[in-house]
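**Q** Structure provided below as structure tokens; questions to follow.
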């Protein structure tokens with residue numbers, strides 16, 4: 001049995017689907033998950049990761065765990081050590097952690113990865129770059145006025161498709177022979193925000209205007225829904241990336257045997273969100 005936390009999110013949803021397609025037994029966990037959200041045959045267990053005791057039912061009979069802890073959960077009191085201890089006591093042997101590229105570049109704290117390494121479980125770390133799907137934050141402006149407001153319009157980063165992350169995770173969870181490995185997950189090439197907006201316009205078949213925000217304007221907007229340290233780290237990556245944050249990793253293709261999906265391909269597949 002494979003347990004997937006964050007099962008209704010950008011990565012969890014396609015991960016559950018990818019695992020179910022292979023016939024692997026899957027338990028999907030999130031705060032409000034229901035069987036109606038999931039492919040046939042997938043077990044749904046609503047649980048809050050801030051309360052590890054509630055995970056016991058989800059982890060019963062499980063061998064592997066996909067662990068996704070959002071910043072909201074961590075700032076809200078979720079304890080990675082307690083979650084991993086509950087998993088270990090339930091008989092889980094392997095954990096695949098969705099971490100962040102920012103840990104490697106010292107933009108983000110390493111406590112979550114440290115807890116996984118100290119858990120006594122066989123572990124594998126995934127460190128993705130920014131997600132293609134972060135562009136969904138632009139969807140209301142595109143739908144209403146065909147305009148995007150964003151900072152650092154000419155800074156290119158190799159964002160990654162969440163479906164690629166999910167398919168990599170599915171492969172690692174099924175194969176079970178990646179203990180101690182760390183995978184850097186990026187898209188196939190760096191893309192600027194202006195180029196992303198151009199790809200959305202091409203998918204729509206209509207022009208979309210790009211309006212560059214100042215860093216101060218972007219900070220004020222992000223602070224409405226992100227903690228200040230996360231905002232600072234995010235703007236640092238977006239505005240002044242170090243070479244490691246702009247480098248394209250071969251790991252998606254190495255694991256999946258195919259190139260990573262492009263932003264343009266993601267925009268075409270998700271164009272309905274911008275109409």
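**Q** Can you name the number of the only condition in (1) within 20 Å of the chain's Cα centre (by Cα); (2) at pLDDT 95 or above that residue 229 fails?
**A** Every listed condition holds for residue 229 apart from (2).
**Q** For segment 224-241, give me each residue that is in a loop (DSSP other than H, G, I, E, B) and exposed (fewer than 13 other Cβ atoms within 10 Å of the Cβ).
**A** As a first pass, look at segment 224-241 and keep what is in a loop (DSSP other than H, G, I, E, B): 224-227, 240-241.
Within segment 224-241, 224, 225, 240 meet the criteria.
**Q** Just one of the numbered conditions (1) surrounded by fewer than 23 Cβ atoms within 10 Å (Cβ to Cβ); (2) at pLDDT 90 or above; (3) out of contact with any strand residue (DSSP E or B) (no Cβ under 8 Å at 6 or more places or on another chain) is not true of residue 135; which one?
**A** (1)
**Q** In segment 21-47, how many are closer than 22 Å to residue 270 by Cα, touching a strand residue (DSSP E or B) at 6+ places or on another chain (Cβ under 9 Å) and either modelled with pLDDT of 90 or more or not in a helix (DSSP H, G or I) (or both)?
**A** The total comes to 2.
**Q** Run down 166, 199, 203, 218 and say which single residue is within 25 Å of residue 270 (Cβ to Cβ) and touching a strand residue (DSSP E or B) at 6+ places or on another chain (Cβ under 7 Å). Explain how you work it out, then say what you get.
**A** Details: 166 fails: touching a strand residue (DSSP E or B) at 6+ places or on another chain (Cβ under 7 Å); 199 fails: touching a strand residue (DSSP E or B) at 6+ places or on another chain (Cβ under 7 Å); 203 fails: touching a strand residue (DSSP E or B) at 6+ places or on another chain (Cβ under 7 Å).
Exactly one residue qualifies, and that residue is 218.
**Q** Then there is this: Out of the residues in segment 48-79 that are closer than 18 Å to residue 10 by Cα and assigned to a loop (DSSP other than H, G, I, E, B), which is modelled with the highest pLDDT?
**A** Result: 68.
**Q** Shifting gears a bit: Of (1) in a helix (DSSP H, G or I); (2) over 16 Å from residue 149 (Cα atoms); (3) in contact (Cβ under 8 Å) with a residue 40 or more places away in the chain; (4) over 18 Å from the mean Cα position of the chain (by Cα), residue 272 satisfies all except one. Which?
**A** Among (1) in a helix (DSSP H, G or I); (2) over 16 Å from residue 149 (Cα atoms); (3) in contact (Cβ under 8 Å) with a residue 40 or more places away in the chain; (4) over 18 Å from the mean Cα position of the chain (by Cα), the lone unmet condition for residue 272 is (3).
**Q** Are there any helices (runs of 4 or more DSSP H) wholly within segment 98-178 with 3 or more residues that are touching a helix residue (DSSP H, G or I) at 6+ places or on another chain (Cβ under 8 Å) and without any contact (Cβ under 8 Å) to a residue 12 or more places away in the chain, and if so which?
**A** In segment 98-178, no matching helices (runs of 4 or more DSSP H) lie anywhere.
**Q** Here is a list of conditions, (1) modelled with pLDDT under 95; (2) closer than 16 Å to residue 149 by Cβ; (3) exposed (fewer than 14 other Cβ atoms within 10 Å of the Cβ), and residue 221 meets all of them except one; can you say which number that is?
**A** (3)
**Q** With 191, 197 as the choices, which residue is buried (at least 17 other Cβ atoms within 10 Å of the Cβ), free of Cβ contacts under 8 Å to residues at least 60 places away in the same chain and within 22 Å of the chain's Cα centre (by Cα)?
**A** 197
**Q** In segment 61-77, is there at least one residue being touching a residue at least 40 places away in the same chain (Cβ under 8 Å), out of contact with any helix residue (DSSP H, G or I) (no Cβ under 8 Å at 6 or more places or on another chain) and within 30 Å of residue 159 (Cα to Cα)? Reasoning before the result, please.
**A** We begin by selecting, within segment 61-77, every residue touching a residue at least 40 places away in the same chain (Cβ under 8 Å); these are 61-71, 75.
Okay, now just the ones that are also out of contact with any helix residue (DSSP H, G or I) (no Cβ under 8 Å at 6 or more places or on another chain), so 61, 63, 70, 75.
Add one more test, that the residue is within 30 Å of residue 159 (Cα to Cα), and what stays is 70, 75.
Yes, segment 61-77 contains a residue that is touching a residue at least 40 places away in the same chain (Cβ under 8 Å), out of contact with any helix residue (DSSP H, G or I) (no Cβ under 8 Å at 6 or more places or on another chain) and within 30 Å of residue 159 (Cα to Cα).
**Q** Consider segment 172-188. How many of its residues are crowded, with 17+ Cβ neighbours inside 10 Å, farther than 20 Å from residue 262 by Cα and modelled with pLDDT of 95 or more?
**A** Our first condition is that a residue be crowded, with 17+ Cβ neighbours inside 10 Å; within segment 172-188, this holds for 172-173, 178, 183-188.
In the following step, the residues that additionally are farther than 20 Å from residue 262 by Cα were identified as 172-173, 178.
Going one step further and asking which of them are modelled with pLDDT of 95 or more, we end up with 172-173.
Adding up the residues that qualify gives 2.
**Q** Hey, residue 82 hits all of (1) part of a helix (DSSP H, G or I); (2) within 22 Å of residue 128 (Cα to Cα) but one; which does it fall short on?
**A** Here residue 82 clears every test but (2).
**Q** Still on this structure, I have one more. Being in contact (Cβ under 8 Å) with a residue 24 or more places away in the chain and more than 21 Å from residue 152 (Cα to Cα) is the filter here, so list the residues in segment 222-252 that pass it.
**A** Within segment 222-252, 249, 251, 252 meet the criteria.
The values are calculated or read from the model by the stated rules, or taken from the named source; none is laboratory data. Nothing here was measured: the structure is a model prediction, and the numbers come from that model. With ideal geometry, Cβ positions are generated from the backbone for all residues, glycine too; neighbour counts draw on all protein chains shown.
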